[in-house]
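**Q** Dropping a structure here in structure tokens format, bear with me for questions.
Only the coordinates and a few stated rules stand behind these numbers; no lab work does. Not measured: the values here are computed from a predicted model. Counting neighbours? That spans all protein chains shown, and the Cβs are built from the backbone with ideal geometry, glycine included.
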Amino acid sequence: MGNKLVTKKLLTKTNSPPRWAERFVSSKVACIVEESILDPEAKTLTTYTKNVTFTKLMAVEEKCVYSVHPTNKEWILCKKHSWVTSGVFGFARAIERFGVERYKLNSAKALKGLQMVLEKLYIPERPPLPLSLPVPQMS
């Protein structure tokens, strides 16, 4: 991969499944693989994230590319793409819709948390501003 720094992590996530999903899953812990590629030449950080447990019920994949904003070098641009799929015969569409809605909620929370951390790091004298979040776009 040339001069790129590549990391791979196995993460665990706890998120109570909805009542309807309890018959399909036996655990509240999901394993997630995250691969990050830092490219200093292109000045990008790309992350790929996907669940490796419960994939027959629902697979969620996400790709984020962080780069310097083209019009303001002080800003970071994040292009996020995500996919939700299900292999449950007869219920796949309903499960995918549920996954998309939960993904949107969790993305909004994660963005708000990231902004709060960045504000504390880079603007410690100012309290965090109220946040108006854009709705994530699904690919």
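**Q** Which of I76, I123, I32 ends up with the largest GNM mean-square fluctuation for the chain, with Cα atoms connected below 10 Å?
**A** I123
**Q** Any chance you could list P(r) for the chain, counting all Cα-Cα pairs in 5 angstrom bins from zero, rounded to whole %?
**A** Binned Cα distances yield the sequence 2, 8, 14, 19, 18, 15, 11, 7, 4, 1, 0.
**Q** For K8, go through the aspartates and glutamates and keep the ones whose alpha-carbon is under 19 Å away, minus same-chain ones fewer than eight residues off.
**A** Candidates past the 8-residue exclusion: E34, E35, D39, E61, E62.
**Q** Put +1 on the Cβ of each Lys and Arg and -1 on the Cβ of each Asp and Glu in the chain; which of T7, L77, P17 then has its Cα farthest toward the positive end of the dipole?
**A** P17
**Q** Here's something else I'd like to know. How tilted is helix 92-122 with respect to the longest principal axis of the chain? Cα atoms for both, answer in degrees (0 to 90, nearest 10).
**A** Tilt of helix 92-122: around 30 degrees.
**Q** Can you give the charge dipole size of the chain about its Cα centre, rounded to the nearest 20 debye, using +1 on the beta carbon of Lys and Arg and -1 on the beta carbon of Asp and Glu? Before the final figure, lay out each step's value.
**A** Values: 22 positive and 12 negative charges, 79 e Å.
Computed charge dipole of the chain: roughly 380 debye.
**Q** Please give the length that would be gained between E125 and R102 if that part of the chain were fully extended, namely 0.36 nm times their separation in residues minus their C-alpha to C-alpha distance (nm, one decimal). Could the numbers behind the result be given before it?
**A** Details: separation 23, 0.36 × 23 = 8.28 nm, distance 3.40 nm.
Result for the pair: 4.9 nm of gain on full extension.
**Q** While we're here: May I ask for the net charge around P18, where only other residues with Cβ less than 13 Å from the Cβ of P18 are counted and Lys, Arg are +1 while Asp, Glu are -1? Before the final figure, lay out the partial values.
**A** Working: positive: R19, R23, K28, R97, R102; negative: E22, E101.
It works out to a net charge of +3.
**Q** For K120, list the lysines whose Cα falls under 20 Å from its own Cα; do not include residues on the same chain fewer than 8 positions away.
**A** In chain and number order, the partners are K109, K112.
**Q** Separation between the K43 and S16 pseudo-spin-labels, each 7 Å from Cα along Cα→Cβ, expressed in nm?
**A** Modelled inter-label distance: 4.6 nm.
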